[in-house]
1. Got a number for carbon plus sulfur as a percent of the chain's accessible area, 1.4 Å probe?
2. List, in order, the whole-Hz ³J(HN,Hα) value for each residue of region 20-37 obtained from phi through the Karplus relation with A = 6.51, B = -1.76, C = 1.60 and θ = phi - 60°; use x for Gly and Pro.
3. With labels modelled as points extended 7 Å from the Cα through the Cβ direction, what inter-label distance (nm, one decimal) is found for T110 paired with R92?
4. Would you tell me the accessible area of L128, worked out with a 1.4 angstrom probe on the heavy atoms of the protein chains, in Å² to the nearest 10?
5. Quick one: which residues, 5 or more positions from V22 or on another chain, have an amide H under 5 Å from its amide H? H modelled 1.01 Å from N in the peptide plane, none for Pro or chain starts.
6. Which one of F169, F235, F118 has the biggest mean-square fluctuation once the chain is modelled by GNM with Cα springs under 10 Å?
7. What would the Debye equation give as log₁₀ I(q)/I(0) for the chain at q = 0.15 Å⁻¹, counting only Cα atoms as equal point scatterers?
8. M242 versus V158, label points 7 Å from Cα toward the beta carbon: distance in nm?
Amino acid sequence: IGSKVRSELLMQGDPVGQTLDVNGTNLVVVGVLAEKGNAGGNDQDKVVLMPTTTAQKRFTGTELVSVIFAQPKLSSELDNAMTQVWQTLMKRHHNAPGFKVDSQQNMLQTIGRILNMFGFVMGGIAGLALLVGGIGVMNIMLVSVTERTREIGVRKAVGAKKKDILIQFLIESATVTGVGGLIGIGIGAGLSYGAGAISRQFMSGGIGGKPGIPIHLPLWSIIGAFAFSAFVGIFFGIYPAMRAANLHPIEALRHE
């Protein structure tokens, strides 16, 4: 039995030799497992282990075994061990189909490839959204330059240089996208912590033994997201800013 099974059943003294009732079947405790903590969302200290034949006769009522876990003595012998397991299965079951031998390493690699593909797709969607948003910001700034042509002419007439006009419109463009980035960060953080709070209501065990899905929002990601959104504004605001900076003051003052 697991260590938490012993504590929750209030077993006094040495539990070895005591009887444990499992679904109406009395089983004798032969040992207590060392504390292992949580793994994969399952509490490894709340388990009851018994011989396969006992589980088949007393609980499942079938002799079928769906999964067998094996571990080689040396990790370097993993491939050889998998080959030997496969050959043994084929020999004992006369090459019957339906068997599969796999390793956690292969499964992790498969999951990694799926996550990488998912990240690539999401990155493409995010890039397309940034492109559309950047074009929208550029159009807004072009409209702003057109509407403020006389203002630009007045500023140039009183001594404003090209770089002053250029910096002004770049700052305005970066402000627009920077504020949008802050709003997006706030919405993303709110949804993340909201999902974490909801998961804590329905999940009894998570990573590290804590309930629910752990949520971590590092500071570097917040700063990076804000800086990138501001950079998008600067990049797409260069053309409108240069157009404003290159306006001739006399023609700008004549603009209606």
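1. 63 percent
2. 10, 8, 10, 6, x, 10, 7, 10, 9, 6, 10, x, 10, 6, 5, 5, 10, x
3. In this crude spin-label approximation the distance works out to 2.2 nm.
4. 110 Å²
5. Answer set, sorted by chain and number: L27.
6. Of F169, F235, F118, the most mobile in the Gaussian network model is F118.
7. Reported log10 I(q)/I(0), two decimals: -1.20.
8. So the label points at M242 and V158 sit 2.9 nm apart.
The values are calculated or read from the model by the stated rules, or taken from the named source; none is laboratory data. None of the values given here were measured: they were computed from a predicted structure. Cβ atoms come from the backbone with ideal geometry, glycine included; neighbour counts cover every protein chain shown. Quick note on the areas: whole protein, heavy atoms, side chains included, nothing else; ligands and nucleic acids left out. Shrake-Rupley method; radii C 1.70, N 1.55, O 1.52, S 1.80 Å.
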